[in-house]
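The values are calculated or read from the model by the stated rules, or taken from the named source; none is laboratory data. Keep in mind the model is a prediction, meaning the values are calculated, not measured. When we count neighbours, we look across all protein chains shown, and the Cβ atoms used for this are built from the backbone with ideal geometry, even at glycine. Accessible surface areas use protein heavy atoms only, side chains included; no ligands, DNA or RNA. Shrake-Rupley method; radii C 1.70, N 1.55, O 1.52, S 1.80 Å.
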Amino acid sequence: MKYRNLCGEKVSVLGFGAMRLPTKGDESKNIDKKKSEEMLDYALKHGVNYIDTAYPYHGGESENFVGEYLKKKNLRKDIFLATKLPMWKVKEKGDADKIFKEQLEKLKTNYFDFYLLHALGKKSWKKVEEFEILQFCEEQIKAGKIKHFGFSFHDKYAIFKKIIDEYDKWEFCQIQYNYMDVDMQAGRKGLDYAADKGLDVIVMEPLRGGQLCKEPPSEIKNLWQKFPRELSYPDAALQWVWNHKEVQLVLSGMSTLQHVKENIISAEKAKIGSLTAKELKIFAEIRKEFLSRRPFGCTSCKYCEPCPEDVAISRILGFYENYKIYDDLERNQKFYNNFIKAENKADNCVECGKCEEKCPQGINIMKWLEKAHNKLYKKSLEK
Ligand code: SF4
Ligand code: SF4
């Protein structure tokens, strides 16, 4: 295993993300403990020393499972444990304290090595201020219950910058980053900005939830054939991330023992600057080719929002474009039905046309929303 320095700790370049553990049946809460334990046993035996969980993973059961596992194997002191405060659950002062205590209990520990404010964005950052969450976390740091403090992020670069600029005690951040998402969310600009400001960076979704592991369409396969080395699709995607000197840790949410084994082989090769200029150029060509499959090219600028009927326009269009780009209907149906509430779905559109007037890309939003709903809506998946 290779290690990098994350907030002064010697952390394996590959972290174990406990958000896609194997389950018994379709129910996310029903973690297959035997298989999951085998995966963790293998990962830890091969040098992985970082486990990342969070309050909502597996309907709350991920934290329970990880806590039980570490206790049973007496491994708490041997690994770095990370979990996150679900900001969307914080509705009043005092909620953070309740959740934090519950997390300590579930994870059967009295401290977290890495504690993150989960999925910060424009709205949740306001709540952080309103409910004095930073002060609360500083108290936990003083009490030794949080060793390192940071945030994970899923919004636009400008918000990312604001969050970094408005608090000078962040030690690290966690961003979605892969060879397709250089201009999405925090993106390359965010990675550079965080590093410039002295924050260490953890990367999540290096394989875009598995989308970069799949057999790609033939045009993209042709580009891969120009790649000078034989790398599997996931290996190539991971090496692309580890190639960055600004990245300290890459998290992968593994679902089978085979995934763990393959990712560990990849991690053993992880190296800053390992990719040649020619190889990087091929990645850029692949990105361009993937993006050319977008049906309308929404930039997620959100100028079309808010919609008077509360339709979640940019997120819905994003799911639809991802379905087309990666030919991945299942994942995007799941996202549309699980993450977009009924009152924000596309069928609430009354075709007032206000969004289209504001879209700088001239997208026929009403038409695409209708198409998106028809393709992605599946009653049986709705939560
Ligand atoms: S056209 Fe539909 S989505 Fe657009 S602003 Fe009007 S109601 Fe909202
Ligand atoms: S304004 Fe246009 S490009 Fe921007 S998020 Fe809305 S649909 Fe996408």
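Tabulated data for the structure shown
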read-out	value
Residue within the range 146-164 that is part of a helix (DSSP H, G or I), buried (at least 16 other Cβ atoms within 10 Å of the Cβ) and in contact with an Asp or Glu (Cβ under 8 Å, 6 or more places away or on another chain) present	no
Lone qualifier among 274, 252 - being at pLDDT 95 or above, small (Gly, Ala, Ser) and away from ligand 2 (no atom under 16 Å from the Cβ)	274
Residue among 141, 202 that is in a strand (DSSP E or B), open to solvent by less than 70 Å² (accessible area, probe 1.4 Å) and out of contact with any helix residue (DSSP H, G or I) (no Cβ under 9 Å at 6 or more places or on another chain)	202
Candidate set: the range 338-353, residues that are over 12 Å from residue 315 (Cα atoms) and polar (S, T, N, Q); chosen: the one nearest to ligand 2 (Cβ to nearest atom)	348
Filter result (modelled with pLDDT of 95 or more and aliphatic (A, V, I, L, M)) within the range 183-203	191, 194, 195, 199, 201, 202, 203
Residue match in the range 360-383 (condition: more than 16 Å from ligand 2 (Cβ to nearest atom), under 14 Å from residue 318 (Cβ atoms) and among the charged types (D, E, K, R))	yes
Elements of type helices (runs of 4 or more DSSP H) in the range 249-368, at least 2 residues being touching a residue at least 24 places away in the same chain (Cβ under 8 Å) and more than 16 Å from ligand 1 (Cβ to nearest atom)	257-269, 277-291, 313-326, 329-339
Failed criterion for residue 231 (all others in (1) assigned to a helix (DSSP H, G or I); (2) away from ligand 1 (no atom under 16 Å from the Cβ); (3) open to solvent by 20 Å² or more (accessible area, probe 1.4 Å); (4) more than 23 Å from residue 58 (Cβ to Cβ) hold)	(1)
Criterion (among the charged types (D, E, K, R), within 11 Å of ligand 2 (Cβ to nearest atom) and more than 17 Å from residue 179 (Cα to Cα)) met by exactly one of 302, 324	302
Condition check for residue 111: in contact with a Lys or Arg (Cβ under 8 Å, 6 or more places away or on another chain), modelled with pLDDT of 95 or more, open to solvent by less than 30 Å² (accessible area, probe 1.4 Å) and not charged (D, E, K, R)	no
Residue 85 outside any helix (DSSP H, G or I) and not aromatic (Phe, Trp, Tyr)	yes
